[in-house]
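This report concerns only the one structure given below.
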Amino acid sequence: MTPRAFVPLLLVVATTAQVPDSASPLGPKPGETKVNPTDGQRYVWIPPGKFSMGCSKGDNECRDREKPLHEVAITKGFWLGQTEVTVGAWKRYVQETGRSMPDEPKFINQVQLDRLLNPAWGDEAQPVININWTDADAFCKWATGRLPTEAEWEYSARAGVSGARYGDLKQVAWFADNSGKTPIDSLGLQQSGLQNYDQRLKDNQNGPHRVGQKQPNDWNLYDMLGNVWEWVGDWLEEGEENYQRAGNRDPQGPSDGQLKVRRGGSWYSAPRGVRVSDRHGFRPNDGGEKIGCRCAVASF
């Protein structure tokens, strides 16, 4: 299937694997979009409903921290950024608040690799990166919203799909295999060692892409998988892998912790890290060239 470009007013109807509540005839429909006048970005209506959260049935790549699969109810609808927060939206934030742009993003990992990923932040349609959790939280509050909860994020990413991904991975996501000049086998590279992996991705010019270039999910959301990791609001549980204990009604995660959760995988990730249930903890004061965010808003 040929990838399609970002079409802001596209409306796609949800599948039936989830059970969204009936919307009012006068209210927004799943996938309906609206521009947030504060950050200038387009947001998608996410209806209330129920879904199965965690390791998808038949997914053999799940880690223990994704288990068990459990039922969760999202009781209130909300608006979620149709794409990751862009450089252009962040520049607007900087202009209005007097803050500074993040450091110019470079490809730096375990070995010294210093290729610029978005020189001078010149491409405003790329996702903003090099932001830590505190940065992301402050932006979303400025945009009259908040970071989505982990449950809201997965519910929105699935958009009615019960499998590990909401479409063919190469069609819906930028990840290590397709985010560079030529296709690569990231799994094979991983097995040869991190230094070889990083060097190959650097040489292949892998990096983030403009938002909205891949196929959206059935609720009209782009790049929920791949491109950049996305911060969510929750702390990651410490000392226990089973996150079912958070509850099955609008779970918020632990009240405190050491690590914040990031979701979705990135342009750097091998396929295992680009699944709707995959979840990782990251220090909230750390950012990096692979992490961005998208915001949730209750109403405009």
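Scanning region 126-154 for residues that are over 18 Å from Gly287 (Cβ atoms) and touching a Gly at 6+ places or on another chain (Cβ under 7 Å) yields Arg146, Pro148, Thr149, Glu150.
In region 133-159, which residues are more than 17 Å from Thr75 (Cα to Cα) and out of contact with any strand residue (DSSP E or B) (no Cβ under 8 Å at 6 or more places or on another chain)? Of everything in region 133-159, those that are more than 17 Å from Thr75 (Cα to Cα) and out of contact with any strand residue (DSSP E or B) (no Cβ under 8 Å at 6 or more places or on another chain) turn out to be Thr134, Asp135, Ala138, Phe139, Lys141, Trp142.
Taking the listed residues Gly253, Gly226, Gly193, Gly257, the one that is surrounded by fewer than 18 Cβ atoms within 10 Å (Cβ to Cβ), small (Gly, Ala, Ser) and touching a Phe, Trp or Tyr at 6+ places or on another chain (Cβ under 6 Å) is Gly257, with no other qualifying.
Which one of these does Thr75 not meet: (1) surrounded by 17 or more Cβ atoms within 10 Å (Cβ to Cβ); (2) within 15 Å of Glu154 (Cα to Cα); (3) modelled with pLDDT of 95 or more? It is condition (1) that Thr75 fails.
Restricting to region 100-113, and then to whatever is in a loop (DSSP other than H, G, I, E, B) and under 25 Å from Gly88 (Cβ atoms), can you tell me which residue is modelled with the lowest pLDDT?
The first filter runs over region 100-113 and keeps only residues in a loop (DSSP other than H, G, I, E, B), leaving 100-105, 108-113.
From the residues that got through so far, the ones that are under 25 Å from Gly88 (Cβ atoms) too are 100-105, 108.
Numbers: Ser100: 94, Met101: 96, Pro102: 95, Asp103: 90, Glu104: 88, Pro105: 88, Ile108: 65.
The selected residue is Ile108.
Look at (1) over 20 Å from the mean Cα position of the chain (by Cα); (2) of a type in the set (S, T, N, Q); (3) assigned to a strand (DSSP E or B) and you find that Asn60 fails only one, number (3). Within region 9-21, can one find any residue that is surrounded by fewer than 13 Cβ atoms within 10 Å (Cβ to Cβ), modelled with pLDDT under 90 and within 30 Å of Glu124 (Cβ to Cβ)? Scanning region 9-21 turns up at least one residue that is surrounded by fewer than 13 Cβ atoms within 10 Å (Cβ to Cβ), modelled with pLDDT under 90 and within 30 Å of Glu124 (Cβ to Cβ).
Scanning region 60-86 for residues being among the charged types (D, E, K, R) and closer than 21 Å to Lys214 by Cβ gives a total of 2. Taking Trp174 as the residue in question, decide whether it is of a type in the set (Phe, Trp, Tyr), crowded, with 20+ Cβ neighbours inside 10 Å and under 13 Å from the mean Cα position of the chain (by Cα). It is true that Trp174 is of a type in the set (Phe, Trp, Tyr), crowded, with 20+ Cβ neighbours inside 10 Å and under 13 Å from the mean Cα position of the chain (by Cα).
Considering (1) among the β-branched types (Val, Ile, Thr); (2) assigned to a loop (DSSP other than H, G, I, E, B); (3) out of contact with any helix residue (DSSP H, G or I) (no Cβ under 9 Å at 6 or more places or on another chain), the lone condition that Ile131 does not fulfil carries the number (3).
The values are calculated or read from the model by the stated rules, or taken from the named source; none is laboratory data. Keep in mind it's a predicted model, so treat the numbers as computed, not measured. Here the Cβ is made from the backbone with ideal geometry for all residues, glycine too, and neighbour counts use every protein chain on show.
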